[in-house]
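Trainee: One structure coming up, written as structure tokens, with questions to follow.
Read the figures in this text as sums done on the coordinates, not as results from a lab. In this text, all values refer to a predicted model and were calculated from it rather than measured experimentally. A quick note on method: Cβ atoms are made from the backbone with ideal geometry, for glycine too, and the neighbour counts reach across all protein chains shown.
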Amino acid sequence: MRMLFRDIAGDPVAARGSVVCIGAFDGVHLGHRAVLARVRGRARELNLDAIVVSFEPLPREFFAHGRAVARLSNVREKIEQFREAQVDRALLLRFNAALAAMSAQDFVERVLVRRLNAREVWVGEGFRFGHARGGDVDLLQRLGREHGFTAQALEPVVVEGERISSSAIREALAGGSFALAARWLGRPFAIGGHVVRGQQLGRKLGYPTANVRLGSRTSPVDGIFAVRVHGIDDSVRPGVASLGVRPTVNGKEPLLEAHVFDFDGDLYGRRIQVEFVEKLRDEEKFSDLDAMVRQIDRDAEQARDILLRPGAG
């Protein structure tokens, strides 16, 4: 991916014309990747630019008015997936009150026609756009005939009889079905970030952790997990992790804390990916630190057993 744009206004970004796909793309799952592959393929056939249009924050985050909304990927991870899909450009529009109020016709004229010089537009089944979700594929096709582009909706991708969607994957993760979510995503579910300094309580208790802040992101999972940690070196390291507010020590913000088995190096500042393999239990508040450590001992032992199991994850 050569360029990332954030604004509707500006010069056209595809002088020779473009093949465009539009969507929220939370998680960039197998269904999304099918759309991206179609757009990339058609753009190469027609010698046009392959462009993806998405939104940050996600529209459902904007309309939640500050309530926590779980998502499968953050902005950085989504952009990385676009890059892996080999699209030429991404238009990552700021979803705000002005964009929410924009009519479907204005969106077509200002974004697809003026900004992107679209020749083909591809969307998912049931696509809606514009103020109050007033636009659909039929309207997109009608406006396309006026402005010189075609519009088509791809059939949903179905795996094992189930239609893949971001909401279905979030539900699978919340229910602890990590293997199923991985099949639908096309990769294991993971959360990445830079390791930050914490209170170093884990080290004092015999379980040093690599801590990753979630920031404004709300995870679809919480609790204690068997995990694999990527990014420490060339190998994938087994471990046990907690994701939550740490009620025993009166934590406030959600934090991902990963204890990497048989490792005691300095990871501060390094970017890691924590891959979730299996949930062990919910987070709980213990009467004291000794009780918490005894439970961590059991968690670590259980996680080791799970990760040593043939075909784990």
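Trainee: If the only charges are +1 at each Lys and Arg Cβ and -1 at each Asp and Glu Cβ, what is the size of the charge dipole of the stretch 188-308 around the Cα centre, to the nearest 20 debye?
Mentor: Dipole about the Cα centre, nearest 20: 420 debye.
Trainee: Separation between the Gln105 and Glu253 pseudo-spin-labels, each 7 Å from Cα along Cα→Cβ, expressed in nm?
Mentor: About 4.6 nm separates the two model spin labels.
Trainee: Quick check: the distance between the Cα centres of the stretch 246-274 and the stretch 110-158, to the nearest angstrom?
Mentor: The stretch 246-274 and the stretch 110-158 have Cα centres separated by 43 Å.
Trainee: Next question, about the same structure. Expressed as an acute angle from 0 to 90° and rounded to the nearest 10, what is the orientation of the C-alpha long axis of helix 30-46 relative to the principal long axis of the chain?
Mentor: 40 degrees
Trainee: Can you tell me the relative contact order of the stretch 33-187? Whole percent, Cα pairs under 8 Å, sequence separation 6 or more.
Mentor: Taking the mean separation of contacting Cα pairs over the length of the stretch 33-187, I get 20 percent.
Trainee: Please give the helix 289-308 orientation as an angle from the longest Cα principal axis of the chain, in degrees from 0 to 90, rounded to the nearest 10.
Mentor: Relative to the chain, helix 289-308 is tipped by roughly 60 degrees.
Trainee: Efficiency by 1/(1 + (r/R0)^6): what FRET value for Glu84 and Arg114, r their Cβ-Cβ distance, R0 = 30 Å, to the nearest 0.05?
Mentor: Step by step, r from the Cβ atoms, then E = 0.55.
Trainee: Past the 25 Å Cα-Cα mark, which pairs from Lys252/Lys285; Lys78/Lys204; Lys78/Lys285?
Mentor: Lys78/Lys204; Lys78/Lys285
Trainee: Another question, if that's okay. At 0.36 nm per residue, minus the direct Cα-Cα distance, what do Arg309 and Ser216 gain on full extension? Give it in nm, one decimal, please.
Mentor: Taking Arg309 through Ser216 to full extension adds about 30.0 nm, to one decimal.
Trainee: How about the stretch 214-313: which GluC sites (Glu not before Pro) there lie in a loop by DSSP and see at most 16 other Cβ atoms within 10 Å?
Mentor: Loop-located and lightly packed - Glu283, Glu284.
Trainee: Ignoring solvent entirely, what values of log10 I(q)/I(0) come out of the Debye formula for the stretch 1-93 at 0.19, 0.24 Å⁻¹ when each Cα is a single scatterer?
Mentor: So the normalised log intensities are -0.87, -1.25.
Trainee: May I pose another question? Please give the charge dipole size of the chain, origin at the Cα centre, charges +1 on K and R Cβ atoms and -1 on D and E Cβ atoms. Round to the nearest 20 debye.
Mentor: So the magnitude is around 760 debye.
Trainee: Find me the longest stretch of the chain that has none of the exposed trypsin sites (Lys or Arg not before Pro), where exposed means in a DSSP loop (not H, G, I, E or B) with at most 16 other Cβ atoms within 10 Å.
Mentor: Counting at most 16 other Cβ atoms within 10 Å as exposed, the longest clean stretch of the chain is 129-196.
Trainee: Scan around Thr218 for amide H atoms under 5 Å from its own, H built in the peptide plane at 1.01 Å from N, and keep only partners 5 or more places away or cross-chain.
Mentor: Sorted by chain and number, the residues that satisfy this are Val69, Arg71.
Trainee: With each pseudo-label sitting 7 Å past Cα toward Cβ, what's the Ala174-His147 distance in nm, one decimal?
Mentor: My value for the distance between the label points is 3.5 nm.
Trainee: Calculated FRET efficiency, Arg187 and Ser167, Cβ-Cβ r, R0 22 Å, to nearest 0.05?
Mentor: With R0 = 22 Å, the Cβ-Cβ based efficiency is 0.75.
Trainee: With point charges of +1 on the Cβ of Lys and Arg and -1 on the Cβ of Asp and Glu, referenced to the Cα centre of the chain, which listed residue (Pro247, Asn211, Val108) lies farthest in the positive direction of the dipole?
Mentor: Farthest towards the positive end: Val108.
Trainee: Continuing with this model, one more query. Give me Leu48, Leu173 ranked fewest to most by other Cβ atoms within 10 Å of their Cβ, as a rough exposure proxy.
Mentor: Lowest count first: Leu48, Leu173.
Trainee: Could you point to the residue in Ser287, Gly192, Gly223 farthest towards the positive end of the stretch 191-313's charge dipole, with +1 and -1 charges on the Cβ of Lys/Arg and Asp/Glu respectively?
Mentor: Gly192
Trainee: Against the globular-protein guess of 2.2 N^0.38 Å, express the Cα radius of gyration of the stretch 3-162 as a ratio, rounded to two decimals.
Mentor: The value comes to 0.98.
Trainee: For the stretch 122-248, just the Cα set please: Rg and Dmax, both in angstrom.
Mentor: Rg and Dmax of the stretch 122-248, Cα atoms, are 21.0, 68 Å.
Trainee: How do Ser287, Ser18, Ser219, Ser242 line up, fewest other C-beta atoms within 10 Å first?
Mentor: Fewest-to-most ranking of Ser287, Ser18, Ser219, Ser242: Ser287, Ser219, Ser242, Ser18.
Trainee: Now for a separate question. Calculate, for Asn96 and Leu4, the FRET efficiency according to 1/(1 + (r/R0)^6) with r their C-beta to C-beta distance and R0 25 Å; round to the nearest 0.05.
Mentor: For R0 = 25 Å, the calculated efficiency reads 0.90.
Trainee: Could you size up the charge dipole of the stretch 1-128 around its Cα centre, putting +1 on the beta carbon of Lys and Arg and -1 on that of Asp and Glu, and report it in debye to the nearest 20?
Mentor: 100 debye
Trainee: Based only on other Cβ atoms within 10 Å, what is the fewest-to-most ordering of His259, His131, His32, His65?
Mentor: By the 10 Å Cβ count, ascending: His65, His131, His259, His32.
Trainee: With N residues in the stretch 229-313, what two-decimal value do you get for its Cα radius of gyration over 2.2 N^0.38 Å?
Mentor: It is 1.14.
Trainee: Which Rg and Dmax, in Å, describe the Cα atoms of the chain?
Mentor: 21.9, 71
Trainee: Right, another one. Within the stretch 11-117, list the GluC sites (Glu not before Pro) lying in a DSSP loop whose Cβ has at most 15 other Cβ atoms in a 10 Å radius.
Mentor: Loop-located and lightly packed - none at all.
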